[in-house]
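The values are calculated or read from the model by the stated rules, or taken from the named source; none is laboratory data. Because the structure is predicted, anything quoted here is derived from the model rather than measured. No Cβ is skipped: glycine too gets one built from the backbone with ideal geometry, and neighbour counts run over all protein chains shown.
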Amino acid sequence: MADEMDKTARVFVAGSRGLVGSAIARRLQGEQFAHLLTPTRAELDLMDGRAVDAFFAKERPEYIFDAAARVGGIQANNTFRGDFIRENLQIQINLIDAAHRHGATKFLFLGSSCIYPQLAPQPMKEEHLLTGLLEPTNQPYAIAKIAGIEMIDAYRRQYGFKGICLMPTNLYGPGDNYNLETSHVLPALLRKVHEAKLAGAPSVVVWGTGKPRREFLHVDDLADACVFLMRSYDGDKLVNIGVGTDVSIGELARIIVGVVGHAGEIVFDTSKPDGTPRKLLDVTRLHSLGWRARISLEQGIAATYRSYLAGAVHARSA
Ligand code: GFB
C-alpha cells in the first residue's frame with residue numbers, strides 16, 4: 001500500500017467524465033500514475049451501493065477523489081430538485097461508506113460554495129457553514145452537500161476516517177455542459193454569444209438583472225488544488241477553493257463578448273432568477289496552506305472558448 005500518493009498509488013477518480021473529474025484525471029495522467037481508476041457510468045453506477053462495494057473489493061482504491069455529483073446551473077437546480085437531492089445523497093453515501101469499510105487511505109470530498117448561507121458575510125469563510133438560511137433555488141443540492149460534509153466529519157470522529165472536504169467556488173473549463181437549460185452561466189454565455197456572432201444577431205439575452213456577483217475558478221486550477229491538498233492536508237476543517245475576486249454577471253457577459261469578438265448588445269431577462277446576490281469565498285486558509293490559483297479569468301475564458309470551438313468543429317465532422 002502506498003504511504004503517500006505517488007505514482008504507484010491506487011487512485012480512484014469518481015465522476016471522471018465530468019468537468020471536475022476529467023480535469024483531475026488529466027492532472028494525474030500527466031504524472032503517469034500506474035493505477036488510475038476512472039470507470040465510466042456504464043462500468044460502475046455510483047448510485048448502486050452493491051456495485052460500488054464490489055468495485056472497492058476488487059480494485060482496492062487507496063486514494064479517492066469524489067468528483068461525482070449531479071450538478072447544474074440555477075435553473076437545473078431549481079427544476080430537478082428531487083433528482084439533485086436524491087442522486088447526490090446516494091452517490092456520496094455509497095462512496096464514503098465503501099471507502100471506510102474497505103480501509104481506503106484517504107478520501108477527498110468536493111462540496112460547493114452554495115453550502116454557505118444565502119446572505120453570508122462576504123467573502124465567505126469556512127466558519128459561516130450552518131449560520132443562516134440557504135439560497136432557495138439550490139437548497140436541495142446544498143443540503144445534500146452539507147450532509148456529505150457532516151458524514152465525513154462523523155466518520156472521522158467515530159471511526160478515524162481520513163476524509164477532507166474542499167469547497168470550490170463556481171467552476172468552468174473544457175468539457176463543460178453547454179445545454180442552455182441546465183448549464184451554469186459561463187458556458188451558457190459563451191455559447192449564446194458565439195451563436196449570436198455566427199447568426200449576426202443584434203443582441204444576447206442574459207438571465208436576471210446582471211447584478212449578482214460570482215467568483216469563477218478554472219477547473220485545471222481546481223484539479224491542481226485537489227492533488228496538492230490530497231498530498232498535504234489532513235485537517236478536519238473545510239477548505240475553500242477559489243481565486244479571491246469576483247465579477248458581476250453583467251461584467252462577465254462583457255468579458256465574454258470581448259473574447260468571442262461579437263459587437264452585439266446585452267439584454268437582461270429579469271423574469272429569470274438572480275439567485276444568491278453574491279458568492280465570493282474567503283481563501284485565507286487555502287493560501288496559508290500554500291496554494292493559490294494561477295489562471296486569470298480572461299486567459300481561462302479564452303482557453304475555454306478555444307476548446308469549445310474545437311469541440312464544435314469535432315461535433316460537425318463526427
Ligand atoms: O451559474 P448559475 O446558473 O448558478 O447562474 P449560481 C449564475 C448567475 O448567472 C445567476 C445568471 O444570477 C443567473 O441568473 N445568468 C445569466 C445565467 N444568464 C444566464 C444563463 O444563460 N444561464 C445561467 N445558468 N445563468 C449554481 C447553483 O448557482 O451554482 C449550484 O445552483 C452550484 O448549486 C453552482 O452551487 C456552482 O451561481 O446562481
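When Leu171 is evaluated against the numbered criteria (1) within 11 Å of the ligand (Cβ to nearest atom); (2) surrounded by fewer than 19 Cβ atoms within 10 Å (Cβ to Cβ); (3) under 20 Å from Val239 (Cβ atoms), which criterion, by number, is the only one it fails?
(2)
Any residue in the stretch 265-276 that is basic (Lys, Arg) and away from the ligand (no atom under 16 Å from the Cβ)? If you could, list the steps in order and put the result at the bottom.
Step one: list which residues in the stretch 265-276 are basic (Lys, Arg), which gives 272.
Now restrict to residues that are away from the ligand (no atom under 16 Å from the Cβ): none.
The answer is no; no qualifying residue exists.
Can you name every residue in the stretch 174-214 that is of a type in the set (Asp, Glu) and within 23 Å of Gly261 (Cα to Cα)? Walk me through it before giving the result.
Here is the first cut: in the stretch 174-214, the residues of a type in the set (Asp, Glu) are 176, 181, 195.
Answer for the stretch 174-214, where residues must be of a type in the set (Asp, Glu) and within 23 Å of Gly261 (Cα to Cα): Asp176, Glu195.
Which one is farthest from the ligand (Cβ to nearest atom) among residues in the stretch 95-115 that are touching a Lys or Arg at 6+ places or on another chain (Cβ under 9 Å) and not hydrophobic (A, V, I, L, M, F, W, C)?
Narrowing the stretch 95-115 to residues touching a Lys or Arg at 6+ places or on another chain (Cβ under 9 Å): 99, 102-107, 109-115.
Okay, now just the ones that are also not hydrophobic (A, V, I, L, M, F, W, C), so 102-103, 105-106, 111-113.
Details: His102: 30, Gly103: 32, Thr105: 29, Lys106: 25, Gly111: 9, Ser112: 4, Ser113: 6 Å.
The residue in question is Gly103.
Let me spell it out: the conditions are (1) at pLDDT 95 or above; (2) over 19 Å from Pro117 (Cα atoms); (3) not hydrophobic (A, V, I, L, M, F, W, C), and Glu215 meets all of them except one. Which number is the exception?
Against the list (1) at pLDDT 95 or above; (2) over 19 Å from Pro117 (Cα atoms); (3) not hydrophobic (A, V, I, L, M, F, W, C), Glu215 comes up short only on (2).
Checking the condition part of a helix (DSSP H, G or I) and within 16 Å of the ligand (Cβ to nearest atom), which residue from Gln139, Gln118 passes? If you could, list the steps in order and put the result at the bottom.
Numbers: Gln118 fails: part of a helix (DSSP H, G or I).
Of Gln139, Gln118, the one residue that is part of a helix (DSSP H, G or I) and within 16 Å of the ligand (Cβ to nearest atom) is Gln139.
Say we look at the stretch 128-140 and pick out the residues that are more than 20 Å from the chain's Cα centre (by Cα) and of a type outside the set (S, T, N, Q); which of these is surrounded by the fewest Cβ atoms within 10 Å (Cβ to Cβ)? Explain how you work it out, then say what you get.
Filtering the stretch 128-140 down to residues more than 20 Å from the chain's Cα centre (by Cα) leaves 130-133.
Retained after the next criterion (residues that are of a type outside the set (S, T, N, Q)): 130, 132-133.
Values: Leu130: 12, Gly132: 12, Leu133: 9.
Taking the candidates together, the pick is Leu133.
Could you look through the stretch 187-209, keep only residues that are within 7 Å of the ligand (Cβ to nearest atom), crowded, with 19+ Cβ neighbours inside 10 Å and not in a strand (DSSP E or B), and pick out the one that is farthest from the chain's Cα centre (by Cα)? Don't jump to the end; show me each part of the working.
Of all residues in the stretch 187-209, those within 7 Å of the ligand (Cβ to nearest atom) come to 188-189, 192, 206-208.
Of the ones still in play, those that are also crowded, with 19+ Cβ neighbours inside 10 Å are 188-189, 192, 206-207.
Narrowing the set further to residues that are not in a strand (DSSP E or B) leaves 188-189, 192.
Details: Ala188: 16, Leu189: 18, Lys192: 22 Å.
Out of the qualifying residues, it is Lys192.
Which members of the stretch 37-89 meet the condition of being more than 16 Å from the ligand (Cβ to nearest atom), crowded, with 17+ Cβ neighbours inside 10 Å and assigned to a helix (DSSP H, G or I)?
Within the stretch 37-89, Val52, Phe55, Phe56 meet the criteria.
Is it the case that Leu280 is within 16 Å of the ligand (Cβ to nearest atom) and either closer than 28 Å to Thr79 by Cβ or surrounded by 14 or more Cβ atoms within 10 Å (Cβ to Cβ) (or both)?
Numbers: within 16 Å of the ligand (Cβ to nearest atom): yes; either closer than 28 Å to Thr79 by Cβ or surrounded by 14 or more Cβ atoms within 10 Å (Cβ to Cβ) (or both): yes.
Considered against the rule, which asks whether it is within 16 Å of the ligand (Cβ to nearest atom) and either closer than 28 Å to Thr79 by Cβ or surrounded by 14 or more Cβ atoms within 10 Å (Cβ to Cβ) (or both), Leu280 comes out as yes.
When both residues are 6+ apart or on different chains and their Cβ atoms are under 8 Å apart, which pairs have a first residue that lies in the stretch 169-186 and is at positive phi and part of a loop (DSSP other than H, G, I, E, B), and a second that is within 11 Å of the ligand (Cβ to nearest atom) and at pLDDT 95 or above?
These pairs meet every condition: Gly173/Leu19; Gly175/Leu19.
Only residues in the stretch 258-277 that are closer than 19 Å to Arg213 by Cα and touching a residue at least 60 places away in the same chain (Cβ under 8 Å) count as the first member; pair them with residues that are assigned to a strand (DSSP E or B) and more than 11 Å from the ligand (Cβ to nearest atom), Cβ under 9 angstrom, at least 6 apart or cross-chain, and list the lot.
Sorted first by the residue in the stretch 258-277, then by its partner, the pairs are Ile266/Ser203; Val267/Ser203.
Just one of (1) within 19 Å of the chain's Cα centre (by Cα); (2) in a helix (DSSP H, G or I); (3) surrounded by fewer than 20 Cβ atoms within 10 Å (Cβ to Cβ) trips up Ala223, so point out which.
Result: Ala223 passes all but (3).
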